[in-house]
1. What's the total number of residues in the stretch 144-177 that are closer than 18 Å to G517 by Cβ, part of a helix (DSSP H, G or I), of a type in the set (A, V, I, L, M) and touching a helix residue (DSSP H, G or I) at 6+ places or on another chain (Cβ under 8 Å)?
2. Give the residue that is least open to solvent (accessible area, probe 1.4 Å), with candidates limited to residues of the stretch 345-390 that are assigned to a helix (DSSP H, G or I) and among the basic types (K, R).
3. Can we say M88 is assigned to a helix (DSSP H, G or I), hydrophobic (A, V, I, L, M, F, W, C) and either surrounded by 18 or more Cβ atoms within 10 Å (Cβ to Cβ) or out of contact with any helix residue (DSSP H, G or I) (no Cβ under 9 Å at 6 or more places or on another chain) (or both)?
4. Determine the pairs where a residue that is touching a residue at least 24 places away in the same chain (Cβ under 8 Å), located within the stretch 359-373, has a partner that is open to solvent by less than 10 Å² (accessible area, probe 1.4 Å) and in a strand (DSSP E or B) with Cβ atoms under 9 Å apart, the partner being 6 or more residues away or on another chain.
5. Is one or more of the residues making up the stretch 612-635 modelled with pLDDT under 90 and either part of a strand (DSSP E or B) or surrounded by fewer than 21 Cβ atoms within 10 Å (Cβ to Cβ) (or both)?
6. Report whether or not S272 is under 15 Å from Y5 (Cβ atoms), small (G, A, S) and open to solvent by 20 Å² or more (accessible area, probe 1.4 Å).
7. Residues of the stretch 292-335 being free of Cβ contacts under 8 Å to residues at least 60 places away in the same chain and farther than 26 Å from A45 by Cα, which ones?
8. For residues that are free of Cβ contacts under 8 Å to residues at least 60 places away in the same chain, under 24 Å from V478 (Cβ atoms) and hydroxyl-bearing (S, T, Y), tally how many sit in the stretch 415-460.
Amino acid sequence: MKLLYTDIRTSLTEILTREAEELVAAGKRVFYIAPNSLSFEKERAVLECLSQQASFAITVTRFAQMARYLVLNDLPAKTSLDDIGLGMAFYKCLAELDSKDLRVYGAIKQDPQFIQQLIELYHEMTKAQMSFLDLESLADEDKRADLLLIFEKVTAYLNQGQLAQGSQLSHLIEAIENNKVSSDFTKIALVIDGFTRFSGEEERIVDLLHSKGVEIVIGAYASKKAYTSPFSEGNLYQASVEFLHHLAAKYQTPAQDRSKTHEKIDSFDKASRLLESSYDFSELALDVDEKDRENLQIWSCLTQKEELELVARSIRQKLHANPDLSYKHFRILLGDVPSYQLSLKTIFDQYQIPFYLGRSESMAHHPLTQFVESILALKLYRFRQEDLINLLRTGLYTDLSQADIDAFEQYIRYLGINGLPAFQQTFTKSHHGKFDLGRLNALRMRILEPLETLFASRKQKTENLLKKWNSFLKESSVTKQLQDLTATMEAVEQERQAEVWKAFCHVLEQFATVFTGSQVSLEDFLALLHSGMSLSQYRTIPATVNTVLVQSYDLIAPLTADFVYAIGLTQDHLPKIAQNTSLLTDEERQNLNQATEEGAQLLIASSENLKKNRYTMLSLVNSARMQLVLSSPSLFNESESKESAYLQELVHFGFSRKEKRM
């Protein structure tokens, strides 16, 4: 076990890549582990640092993906479930419980948000290396009884159906503990980059591999001053220093300082040192000059739209002034991604700047989800007029033209036709020949027939229900409509639609897995399909490397790009205060952590907030290699907002605030 730390202006990736190359030279197969949010970028960064620009012996991956590269023997053949399948398993088990069986959660037992909270708690307990039996330590008797009953029922159901639950990492831990891994551990090495804390699961896997003789190198950013200080509370580097101290004590190995002596302190290093001394109450005399103010700028803008336009103009000007620059040299960080998403596309398309926003998109507002939602509403409320109109407006149901849909909607609204019996009767009122009854009745039959066939389905086996659903999709031309819809779109948009269809088919596959051999009613099927699709996320990958990458500021790492623009840094968004919205309160988490054995730890967000936010601010100040712009708008989502206190501190150190206007 080797622990390293370096100052924040020296690339940790470069140092760890050298370590990896030395391990390869010693005949090791190296797994370079990065956090989930950084693994794609880390791969590129490691390749750039390699002396040969490539290596077959180094694999950049995440903890969860490691199992793919190790040879596992005699594992039981289990069908694996993801969150959507797990949600369906919870739904099925809760449906079998009577409301009276649950003392606290009886009234909301099938509420989608409650099921989502159960899934989150399930994952949290797996990550924390706890079993659901640990919930016995909860003080609230009613809550304890309910959660134990639910988890007991779900676990029994999953085991009985040979369904694999839990993360890939938990399966790997199980395989190593039971000696089911035949890879030679003495020929494997791990290099771990970018972590300031391990989950219970991650710590367990590091522990197991260490005990099997795997060589492990772990690196983090910290200043020598912070690491050697006897008091770390409140320090900027508190998160990484506590992480290193914990590992050093556990594995009886001191962390080595790999910091470089820089001939000249750059602007970002100055800002970091000034911030650090203000948090550890030490004296530091550093002058901030004009060059520093040019390299680290603080903008004050009026609106979010203005911020984006100023950033777009600045990028265009820099590209014009320096032909050697390209889009990949720029990075944009957002204080709040959803608030900027729409204007970002409009403004960057206008300035012809290609960008990629790396985040999963929810399927909740996709026409396909609204299509399923409308059919469910038609079934539940027996053909309300509004639900039928919503179904037709998705543009996916039947191959009717827009003119036909408009004519049909106008007629049923004019006569107030509502409910299945009214739609089943022939339309006879033409209002003095104003309406073409022949055409309208033909439309009525075309719209009604597939739905009537589907709604005639009684409670039946999953296999038969899925066959009926498949025939319904064909009869109502859904796949044809989707193809026609995407045919005229750009390649990027077509790729997104393909991902959506994949996600839709995946929800159906998970349903078939969970309910195989069971009897299911159509209402339950549609409700599960809708809930699964609302929870589904899809993402696309950038079409080219030469784009401006856009991401949330809290996912940034030091020295990421030459030019970085961080916008939307208002007091509400920097720092981000993580709220506990789970089924367990912070107090209950604390009690569970104390009651369980060492190594089993649930995360308590409120206690991590301060150190996490300070470390994020430090990473943000050091994210650029050449120039950093930190900006905050006076109006955020149409309401007045204050500049973040962190930016005010930088102004206090001598960095200037520029009023920017279009």
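The values are calculated or read from the model by the stated rules, or taken from the named source; none is laboratory data. On a predicted model such as this, the values are computed, not experimentally measured, just so you know. With ideal geometry, Cβ positions are generated from the backbone for all residues, glycine too; neighbour counts draw on all protein chains shown. Just so you know, the surface numbers come from the protein's heavy atoms only, side chains and all, with ligands and any DNA or RNA stripped out. Shrake-Rupley method; radii C 1.70, N 1.55, O 1.52, S 1.80 Å.
1. Matching residues across the stretch 144-177 total 2.
2. K379
3. yes
4. Pairs found: R359/V550.
5. no
6. Considered against the rule, which asks whether it is under 15 Å from Y5 (Cβ atoms), small (G, A, S) and open to solvent by 20 Å² or more (accessible area, probe 1.4 Å), S272 comes out as no.
7. K305, R313, Q317, H320, A321, listed by residue number.
8. 1
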